1. Determine the residues within the range B:328-348 where the difference in accessible area between the chain on its own and the full set of protein chains amounts to at least 40 Å²; count protein heavy atoms only and use a 1.4 Å probe.
2. Can you give the calculated 222 nm mean residue ellipticity of the protein assembly as shown, where each DSSP H run of n ≥ 4 adds -39,500 (n - 2.57) and the sum is split over every residue, rounded to the nearest 500 deg cm²/dmol?
3. Quick one: the Cα spread of the range A:197-323 along its three principal axes, in angstroms, biggest first?
4. Work out Dmax and Rg for chain A from the C-alpha atoms and quote the Rg first, both in angstrom.
5. Could you give the dipole magnitude of the protein assembly as shown about its Cα centre, charging the beta-carbon of Lys and Arg +1 and that of Asp and Glu -1, in debye to the nearest 20?
6. Once you put a point 7 Å from the Cα of A:LYS124 and another 7 Å from the Cα of B:ASP2, both along the Cβ direction, what distance in nm separates them?
7. Rank by packing, highest mean first: peptides B:97-106, B:84-93, A:158-167, with packing defined as the count of other Cβ atoms within 10 Å averaged across residues.
8. At 0.36 nm per residue, minus the direct Cα-Cα distance, what do B:ARG221 and B:VAL187 gain on full extension? Give it in nm, one decimal, please.
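The values are calculated or read from the model by the stated rules, or taken from the named source; none is laboratory data. If you're wondering where the values come from, they're calculated on a predicted model, not measured in any experiment. Cβ: placed from backbone, ideal geometry, glycine included. Neighbour counts: every protein chain shown. We work out accessible area using only protein heavy atoms, side chains counted, and drop any ligands, DNA or RNA first. Shrake-Rupley method; radii C 1.70, N 1.55, O 1.52, S 1.80 Å.
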Amino acid sequence: MAETLLYWQALNRALDLEMSRDESVFTLGEDVGLYGGSYRVTEGLYAKYGEWRVRDTPISEGGFTGLGVGAALTGMRPVVEIMTINFALLALDAIINMAAKIPFMSGGQFPMPLVVRMPGGVAKQLAAQHSQRLEHTLMNVPGLRIVVPSTPQDAYWQLRQSIASDDPIIMLEHELLYFEKGEVNPAAEPPPVHQASVRREGTDLTIISYSRMANLSVQAAEKLAEKNIEAEVIDLRSLNPIDWDTCSASLKKTHRLLVVEEDCRFAGAGAEIIANLSERSFFDLDAAPVRIAGLDMPTPFNRELEAASIPKINDIVDAARQLAGQNKTG
Amino acid sequence: MDRDTLHRFLYDMLLARAFEERAAEEYANGNIAGFLHLYPGEEAVAVGVIHAAEPSDYLVTTYREHVHALVRGIPPRPIMAELFGRCDGICKGMGGSMHLFDRERRFMGGYAIVGETFPVATGIGYSIALRQLPEAVICFFGDGAVNQGTFHEALNMAALWKLPVLFVCENNHYQIGTEIHRHSAVVDVHKRACAYNIPAEKFDGMDVINVYEATRHALARIRAGNGPQLLEFETYRFRGHSMADSGSYRPRSEVKAYAERDPLKTVINEAEFGYPTSEQITAAGPDVISRLVDHPSAIDHFDARHVEQIKQEVANIVDDAAQFASQSPQPTIDDAWASLYGNRQHETLMEDAQHG
Ligand SMILES: Cc1ncc(C[n+]2csc(CCOP(=O)(O)OP(=O)(O)O)c2C)c(N)n1
Ligand SMILES: [Mg+2]
């Protein structure tokens, strides 16, 4: 039976369920226990599972993420919460040098059933050090998988699937999504964790996006429909691996590609998406692919400048209209 | 303690309290957004430490740094304007509340990633030592920051190379919602310094004169060439960790015990700015500010009227700062690009490579 949940509640349910089913699942991070998690994702779990399975940590991101790696080596299934993605920069050694490489370096002896969850993105005036997106860095690491749920249902499914996986998986959660509502059907059969979803069907162009920007793209597509442009919106859901087949199948139909990302434009996820699809679908494309992305600047504190530094619905609408051959003032 | 010094402490502490309460109010009014970490309860630390420093000493602070900036002498106007994110902010609205910088006053930044102040201060100490200058750098950090690797790495390097760094722990016993016994195996922060042969001591951080004297002595040892020193000041934040946090995880008995030392408690949670009367102050017993008031009053330095005068004066200053901030223009996107690329004076790059 489907019910309406907030994004954080969906994550909370998923974690709770996996912890109750499997005693090797435990979670740790700053203020995940007594406090209940900065975004409430671990609410109630400390009381239910106790301090060994819901561990409040010191501010030692490198240390406790590495601890997660060590625990995973011995068959535990740790879910590390890094309070926000900005602090994951201190844990990159554990993530990149250890979690991603140990399975390979050991000749496959060691699986790495580790999940590292982290909220990120541009939220509300949190300033440059607290408004980061790191997909560009993490995508470039062979051995790491990255999931980017944009809806409560995907958050629920993908967290459960990530915990069940024997690969190291980074879950990028967007800070502005935690309090978004959506239907969650716990009984429904989930699609494969990396499979992209076609959030809206269309014939005139394909908009590829992920995380919060996928939701903005769907809203932009609705506005475009009022202007007689039918955009197909693909929500990638996973940034490594990327479900290229769903993307290229769409381009066969629409022949036009618009990529929308919140991360900075230079060497971002969009660069990879466009490069790869240009190789794959070159003969299907009727126009040069277009990218909308964050400005290549640290996020300004000022509210208006912050808003100007990332894509908005109207930016997507304008770019789509131009790509579809409509003059945007028309 | 001479009258002028005491007067300056009192003035700065009252200004600090008033400024922070006003910032909270402006946050509630929607003029300030984002993370806002306030300092009420901890004023004696920043005021005592920074008054003991020379203007030529560098300061490196955390995200809870408005008061440090004020005490260093940055006028309230550009600080408040920065909190508002405006053009006339000390960082032109680019950095915000957690990232105050003032190159001229050697205010080397508010850092919002816990543990960043250690290496930055160590680097500043390194350049002072290399140039053989009689300066020092003061590195502020919280009790939660000492479990970051950078603490240990920086202390070792500072001790190894005898760098002129004064490490100052503002121990308010909490790392957001996690109490110190739940985040640290050794809760006496100063004891950790002995692992690196750094002289360290703990003091009551609610008593500004105490803080000032301890800092003066530590800085004197640094200037005498004894290398880094560490001071731990025990203090308490009266508010939540930031405006997004109620602080409700703290046992009532504990909050009460500390609040009893603060007669301002009744006004702290009120949206309206105001101060208790001197009768209320006496009735509530000693706290950070009233202890300071009591002391000079007892030795006939100030009378209650004088204190009221200062309160009025700082209230006006804070009003003026808020007024100034609200009238300051919004920065433009060109201002933002200029902040990013303005230092490329000697190089010409392709236009396109800059703006993407
Ligand atoms: C590396 C890092 N991890 C986590 C955070 C989130 N965070 C901000 S302040 C804070 C607590 C810091 O406590 P403490 O050092 O005692 O300073 P206080 O706020 O009490 O002054 C945490 C966990 C952060 N900013 N940086
Ligand atoms: Mg603290």
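1. Residues shielded by partner chains are B:GLN330, B:ILE333, B:TRP337, B:LEU340.
2. After summing the helix terms and dividing by residue count, I get -12000 deg cm²/dmol.
3. Projected onto the principal axes, the Cα atoms of the range A:197-323 cover 42, 33, 24 Å.
4. Cα only, chain A: 19.7, 62 Å (Rg, Dmax).
5. 800
6. 5.0
7. B:84-93, A:158-167, B:97-106
8. 9.7 nm
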